[in-house]
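Following: one structure in structure tokens, then a few remarks.
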Amino acid sequence: MEKLSLDFSLLIAYILPGSLGVVTLSFYSERVQRLLSGEQGSPTATALIPLSILALGLGILVNAITWAAVRPLIEVTGAKRVAIQRRPSGERLEAYRFIIEHRFRYYQCYANVLTALVIFGASYLHQRGSAGLWVASVILLIVIVLFLAARDSLKQTYQRIDEWVNRE
């Protein structure tokens, strides 16, 4: 059986946005709220494993929503998708892996946190009512910055794939 590998890039691509999803889910689930708050106001050691698994699952779900909603929007605004011309092998495969780990995972982080933040904001407004103009302005600014960062990372991913993997 292979060893389960959870490196930094997967942590930022799935667990970070999934953690925001866990907080969002706590608005609707008393059980999740109890796991998050525990008896003393913070999660207990026994709650960390189920919360981590839930964060991973929600991160994967957020990634699917991002793929369906945010990625097409980014591509419409200037990130031109590049088709891989041939199956990468040898040095090209190593270059492809490098691009995924050093460009694409950051796109996933920015785009998935953006998606999770939008869902969080909508859920917060649904559960608690108005957030106030100042809070709404800050969230909007963060969403814009995350969108621009995601777009830049995806553009760089596509450019590097075209330059390093597709070219002779």
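The values are calculated or read from the model by the stated rules, or taken from the named source; none is laboratory data. Keep in mind the model is a prediction, meaning the values are calculated, not measured. We place every Cβ from the backbone using ideal geometry, glycine too, and count neighbours over all the protein chains shown.
So here's what we get for this one:
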{"item": "Set Gln159, Gln108: member being closer than 19 Å to Val76 by Cβ, touching a helix residue (DSSP H, G or I) at 6+ places or on another chain (Cβ under 7 Å) and of a type in the set (S, T, N, Q)", "result": "Gln108"}
{"item": "Residue among Gln127, Gln108 that is assigned to a helix (DSSP H, G or I), within 23 Å of Ala64 (Cα to Cα) and not acidic (Asp, Glu)", "result": "Gln108"}
{"item": "Residue in segment 80-102 that is among the hydroxyl-bearing types (Ser, Thr, Tyr) and either in a helix (DSSP H, G or I) or in contact with a Ser or Thr (Cβ under 9 Å, 6 or more places away or on another chain) (or both) present", "result": "yes"}
{"item": "Selection status of Ala111, in contact (Cβ under 8 Å) with a residue 60 or more places away in the chain and either aromatic (Phe, Trp, Tyr) or closer than 24 Å to Ala149 by Cα (or both)", "result": "no"}
{"item": "Residues (assigned to a helix (DSSP H, G or I) and loosely packed, with under 13 Cβ neighbours inside 10 Å) located in segment 4-43", "result": "Phe8, Glu30, Arg31"}
{"item": "Checklist (1) within 19 Å of Gly18 (Cβ to Cβ); (2) without any contact (Cβ under 8 Å) to a residue 24 or more places away in the chain; (3) not hydrophobic (A, V, I, L, M, F, W, C) applied to Glu163, failing item", "result": "(1)"}
{"item": "Restricting segment 44-59 to residues that are among the hydrophobic types (A, V, I, L, M, F, W, C) and surrounded by 15 or more Cβ atoms within 10 Å (Cβ to Cβ), the residue that is modelled with the lowest pLDDT", "result": "Ala47"}
